[in-house]
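Enquirer: First, the structure itself, so that you have it in front of you.
What follows draws every value from the coordinates through simple rules; no lab data is involved. Everything numeric here is computed off the predicted structure, so don't read it as measured data. Ideal geometry is used to build each Cβ from the backbone, glycine not excepted, and the neighbour counts take in all protein chains shown.
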Ligand SMILES: [Zn+2]
């Protein structure tokens, strides 16, 4: 009931689809909320962000792990920058399992790991989508892997699993600063990260 009341005060500013295997960049103002919805289920979104006023400040996974003192982020946790400033707070999360450890997929990673250099990849998706809004990123930081389901066994080995997200599941990130955001609907179909079947994501920008 409280949740419904909270949501009813919100206004949707815009909404769009990131097609399967592609990326999209956009600006978000401090206080606005990005809702990332898994449209069909089992789809990872690679999420990065830059300070809109100083692009040298960007999301940093290592500070985020340390400042939250955990590797599994959910409601109430924050995403931090390379300057240890909070960039986003997770305000709602219907899944509760995301990843902030594994590297982003890229041309080199498909080449080295799978001998498949021509595979669609998240680094190219994010770089291209940033260019489309006029941002020349000198590098792509490691991402917050939304809906990605990776565990560690007792020896520290990765256990890569299918996402727990079902169709319609979502996470909401409230911006703590004006940001440039880029999200890739991860095209990885060679391991279970996206259950072998990359699908779209829906992005909604909300204000309270
Ligand atoms: Zn990827």
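Enquirer: Mind sorting 123, 91 by how few other Cβ atoms lie within 10 Å of their own Cβ, fewest first?
Expert: Going from least to most buried by this count: 91, 123.
Enquirer: Which of 93, 151, 124 comes first, and how do the rest follow, when ranked by fewest Cβ neighbours within 10 Å?
Expert: Lowest to highest Cβ neighbour count: 151, 124, 93.
Enquirer: Based only on other Cβ atoms within 10 Å, what is the fewest-to-most ordering of 172, 207, 107, 136? Let's see the in-between values first.
Expert: Numbers: 172 21, 207 12, 107 15, 136 8.
With the sparsest Cβ surroundings first, the list reads 136, 207, 107, 172.
Enquirer: Is the shape of the range 94-153 best called rounded, prolate or oblate, per the rule: a/c under 1.5 gives rounded, else a/b larger than b/c gives prolate, else oblate, with a ≥ b ≥ c the square roots of the Cα gyration tensor eigenvalues? Could the numbers behind the result be given before it?
Expert: Numbers: a/c = 2.42, a/b = 1.27, b/c = 1.91.
Note, shape of the range 94-153 comes out oblate.
Enquirer: On each of the three principal axes of the Cα atoms of the chain, give max minus min coordinate, whole Å, ordered largest first.
Expert: Computed over the chain, the largest-to-smallest principal extents equal 49, 38, 33 Å.
Enquirer: So, in Å, what gap is there between the alpha-carbon centers of the range 30-85 and the range 135-208?
Expert: First find each Cα centre; the distance between them is then 10 Å.
Enquirer: Something else about it: In nm, to one decimal, how far is the modelled label at residue 135 from the one at residue 82, with both set 7 Å along Cα→Cβ?
Expert: Placing both labels 7 Å beyond Cα along the Cβ direction yields 1.4 nm.
Enquirer: Expressed as a rounded percentage, what relative contact order does the chain have, with Cα pairs under 8 Å and six or more residues apart?
Expert: It comes to 43 percent, rounded to a whole number.
Enquirer: Among rounded, prolate and oblate, which fits the range 166-208 when a ≥ b ≥ c are the square roots of the eigenvalues of its C-alpha gyration tensor, a/c under 1.5 means rounded, and a/b larger than b/c means prolate?
Expert: Prolate is the answer for the range 166-208, as a/c is 1.5 or above and a/b outweighs b/c.
Enquirer: Something else about it: Classify the range 28-90 from the C-alpha gyration tensor, please: rounded if a/c falls under 1.5, else prolate or oblate depending on whether a/b exceeds b/c.
Expert: oblate
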